[in-house]
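What follows is calculated from the coordinates using simple rules that are stated; it is not laboratory data. Source: prediction; values computed, not measured. Here the Cβ positions follow ideal geometry from the backbone for every residue, glycine too, while neighbour counts run over all protein chains shown.
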Amino acid sequence: MSEKPISPLRQRMIDDMTARRFKERVQKDYVRHVRAFAAFLGRSPDTTGGGEVVHYIGKYGAARVDKAVLVSSVPPLMLKTPSNPEGTSIEVFDNIRKNVAENRSQFYRDLTLPFFGYNRPGAKVSEGVREHFWLQGMLGSIKGHYDCVHEFS
């Protein structure tokens, strides 16, 4: 009888837990928790974003989650609205869309200054960081960038 194939995510988890010398009962507990999270998502959790993690914690509370780290997270609503008066005005997003469409390369070059705080007095500018940020921006599709700005606005 052949065994059921293991998903790449589960295999990575098993390899990691084995390398860390987790006991079998701990490994089973981890798999159980990930399986519950996958059931909540309705798919494999290896493509999960921070918003989905926050939604899970909001629904089930912290009892099911030991730790969660949200790195480079974006608030769910950035646009200024009557219910979000501290948000960013639509004109800012319109300007981003305009600049991405007209000269995406220059937009990503210019964005590094405020993004990394290089526009502050006395800030030490790293040209390497600026060039890498520009490269990452240029590697993405213009449609993806445009759609991303739309989602934030």
What ranking do SER141, SER44, SER89, SER153 get, fewest neighbouring Cβ atoms within 10 angstrom at the top?
SER141, SER89, SER44, SER153
Integer Hz, Karplus 6.51/-1.76/1.60 couplings in order for the stretch 46-54, x for Gly and Pro:
6, 10, 6, x, x, x, 5, 5, 5
What ³J(HN,Hα) values, in whole Hz, does the Karplus curve 6.51 cos²θ - 1.76 cosθ + 1.60 give for the stretch 92-109 when θ = phi - 60°, with x put for Gly and Pro?
5, 5, 4, 5, 4, 4, 4, 5, 5, 5, 7, 7, 4, 4, 5, 4, 5, 5
Once label points are set 7 Å from the Cα along Cα→Cβ at both GLN27 and TYR118, what is their separation, rounded to one decimal in nm?
4.7 nm
Estimated FRET transfer efficiency (ARG20, ALA62; beta-carbon r; R0 25 Å; 0.05):
0.60
Using square roots of five times the C-alpha gyration tensor eigenvalues, list the equivalent-ellipsoid semi-axes of the stretch 8-64 in whole Å, biggest first.
22, 13, 9
Please report the Cα spread of the stretch 90-152 along all three principal axes, rounded to whole Å, starting with the longest.
34, 25, 18
In Å and from the alpha-carbon atoms only, list the Rg and Dmax of the chain.
21.1, 69
